[in-house]
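Take a look at the structure set out below.
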Amino acid sequence: MDKSLLAPGHRACAGCAMPTTIRLVLDAAGPNTIVVSPTGCLEVTTTPFPESSWCVPWLHSLFENASAAASGVEVMLKRRGKDTNVVIIGGDGSTFDIGMGSNSGMFERGHKILYVCYDNEAYMNTGVQRSGSTPFSAHTTTTPSGSQSRGNPRPKKDMPAIALAHGVPYVATASVAYPVDLRRKVKKALQVNGPSYIQVNAPCITGWTFDAGTMIELARLAVESGLWPLLEYESGELVGVKKIRRPKPVEEYLKLQGRYKHLFKKTECADVLGQIKAMAEANMAKYNLVD
Amino acid sequence: MSNNTANMKVVEGSYAVAHAVMCCRPDVISAYPITPQTHIVENLSQMVADGELDSEFLTVDSEFSALSVLVGACAAGGRGYSSTTSQGLALMYEVLYNVSGLRMPLVMNVANRAMGAPLNIWNDQQDAIGARDVGWIQIYAENVQESVDATLQAYKIAEDAQIRTPVMVCMDGFVLTHVYEPVELLDKQKAREFLPDYQPADILDPAHPKTFGAFADPSTYTEFRYQQFEAQIKALAKIEQVAREFEDSFGRYYGGLLDGYFLDDAEVVIVTLGSVIGTIKDAIDAMRSEGKKVGLLKVRSYRPFPVQALRKALKDASVIAVIEKDVAIGGEAGLVTDLKAAFYNSSIRVPIIGFTAGLGGRDITVKDIRKIVAKAEAARKGIESEFEFLNLRTEIL
């Protein structure tokens, strides 16, 4: 492989899935790519002025407008007759929550833009506050577990379904633990003549609290437990499902993470564990994950 | 100012401005409809639909996205245009800072309108005055012709390599956007000669990858702000220069930063901005015929605020009355506060009184101007009220 398009020396934490994810995305997209990023960990760790890790042109405007800014880039490139990939790379805070209006507008207008969400399931840049992507029962600093709380009371927002509802022609989920699959999906998305959306499970060491060396294992367990199915939709049809050879119990995934430790301390959390298990089973049945 | 009456047409203000925008040849237009800005962007959409204007017109989900689209378009090398007002401008607030901080030379017509609550769609200037510190140049137009001409001038100022600062061309909502009056529409070819194609300094280009919008820590942030500050100071001369170049090409001139009316021997000077100037000129004409030494100073450039030019223009005034359609609740109002600050460290000692008037579309009449002049004359002997709401309806309070 040639030199990575995301140079080392950035300030991301050791054990963070984000830079690995970005490198895989850029490897697949190649140098003829312009990246637009919202405010977030990615932006602050890769661009402390006057330094930058970006070896492709990169634009950051605000937290909630990456899709609108990228739309402007895309129409201008078309106008200038340039065939350059436009890729948005943002976290779940901007993708699921604050940027939703702008994302909806970009999807609806049909720009040829690939939107990659590195999904670490909370507002990590500001200190692990809950986002619309935070899974059920996860402890965050704004959904802490406590005597009256069992963590985040609501399930994760179904962002791929929102993209599909806009008629986005290519929608996929991916994982940092499955690099071949992720690269293939990025390449496929960039062939689409319209918007595409890929949501990548990207564990956050400070937010999820796990041992740095287990990041990839953790991301793999999310898939193998059925909690993060790897899916692929073309023109609204489910065309690809990554099968799970040996399904793992959800506890194996949850136990490695500090954000779920309250579930194993309190007997009254047993029904929470049961609900998470039911979610995994529902995914397995819905997507036929296990042969 | 001179007009070639042969080329004059009676058109709606919004059409005239849209026509001016067409003559500026923006690559990308992005706007969200809001009264009273709508006719401007409807006209532009039609021009694009009819092939009269070769621009990409993006319909978006909000004003916030409208201006954000232009951030991307500008970074990719395009000339961008938007228009908004009031709540829309407020929704753009975060992007306004971003555009100026990224030194993007965008131009936007602001069809000035009151801010809610209570909801009010009529004209005042609270929206733009409230955004005076966002780093944009602000030019206020007196009439439709000035709105047209300032729009073309705005791109030339904004895109200058020494300036690279976005410009708001402020025109009073309804009063100027919806009025039909005789206007000389810009000649496309002359406009092209006056404003060449946009030459971006930096561009998103895979052959030369650059990072736009990095974050700056305390060791560099101040210097970014200082460079914007410095560019606005340089813009003082540039605005004047562009106004003169415009005069050479089009034969019209309204002052660059400021303009005076019966200023030379004026004892009472009214200082204001925007379309109320027409009414004030009528009032001054009447009072002059009665022998009253009343004059007017129009502030055309509110940002940058022309401190030196103001001191020079107002050095001989005996009393100054500021009339403005905004209020800084908890303080006074934008223009009067800035004007007083401009004089504090000068040798000029002149009483300055402020009036907030015309809020939410309330008329300002010739009678009102006479009332203000009478109060100003009284203030020469001692200020009774430094700042007041004109024509306050105390019976409904």
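All of the numbers you see were taken from the coordinates with simple rules; none came from a lab. What you are looking at is a predicted structure, and each value in this text was computed from that prediction instead of being measured. Note that each Cβ is placed from the backbone with ideal geometry, even for glycine, and that neighbours are counted across all protein chains shown.
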Formal net charge of residues neighbouring B:V69 (Cβ-Cβ distance under 12 Å; K, R +1; D, E -1): -4
J(HN,Hα) series, the range A:8-14, from Karplus relation 6.51 cos²θ - 1.76 cosθ + 1.60, nearest Hz, glycine and proline x: x, x, 5, 9, 5, 5, 5
Of the DSSP H helices in chain B, those whose Cα atoms cover at least 30 Å axially and whose Kyte score averages -0.5 or more: none
Estimated FRET transfer efficiency when R0 is 51 angstrom, pair B:K312-A:N32 (beta carbons, to 0.05): 0.40
Under 9 Å, Cβ to Cβ, from B:R79 - net charge with Lys/Arg +1 and Asp/Glu -1: -2
Along chain B, longest interval not containing exposed trypsin sites (Lys or Arg not before Pro), exposed being DSSP loop plus at most 13 other Cβ atoms within 10 Å: B:1-314
GNM flexibility winner over chain A from A:A14, A:A270, A:A212 (Cα, springs under 10 Å): A:A270
Estimated inter-spin distance, A:E268 and B:D187, nm [label 7 Å along Cα→Cβ]: 8.3
Two-site FRET efficiency, B:T220 against A:A7, from Cβ-Cβ distance with R₀ of 30 Å, rounded to 0.05: 0.90
Gyration tensor (alpha-carbon) shape descriptor, the range B:260-396, a/c threshold 1.5: rounded
Amide H partners (placed H, <5 Å) of B:R79, local residues excluded: B:D27, B:V28
Residue order, fewest to most beta carbons within 10 Å, for A:F264, B:F355: A:F264, B:F355
Choice from A:V241, A:V87, A:V25 showing the highest fluctuation, given a GNM over chain A with Cα pairs closer than 10 Å: A:V241
Residue exposure sequence - A:V128, B:V21 - by fewest surrounding Cβ within 10 Å: A:V128, B:V21
Within chain B, percent of DSSP bridges classed antiparallel, to nearest 5: 25
Hypothetical label at B:F229: residues of the range B:325-344 whose amide nitrogen lies under 19 Å (7 Å Cα-Cβ projection): B:338-339, B:341-344
Share antiparallel - DSSP beta bridges, the protein assembly as shown, percent rounded to 5: 25
Kyte-Doolittle at least -1.0, axis length at least 24 Å by Cα - qualifying DSSP helices, chain A: A:270-287
Under 5 Å, built H, 5+ apart or other chain: amide partners of B:F212: A:W58, A:L59, A:H60
Proportion of all alpha-carbon pairs of the protein assembly as shown beyond 46 Å (%): 30
Proxy reagent accessibility, fewest Cβ within 10 Å first, across B:T211, A:T95, A:T209: A:T209, B:T211, A:T95
For B:E388, residues with placed amide H under 5 Å, excluding near neighbours: B:G354, B:F355, B:T356
Candidate lysines for bridging to A:K78, where Cα separation is under 19 Å - those fewer than 8 sequence places away on the same chain excluded: A:K112
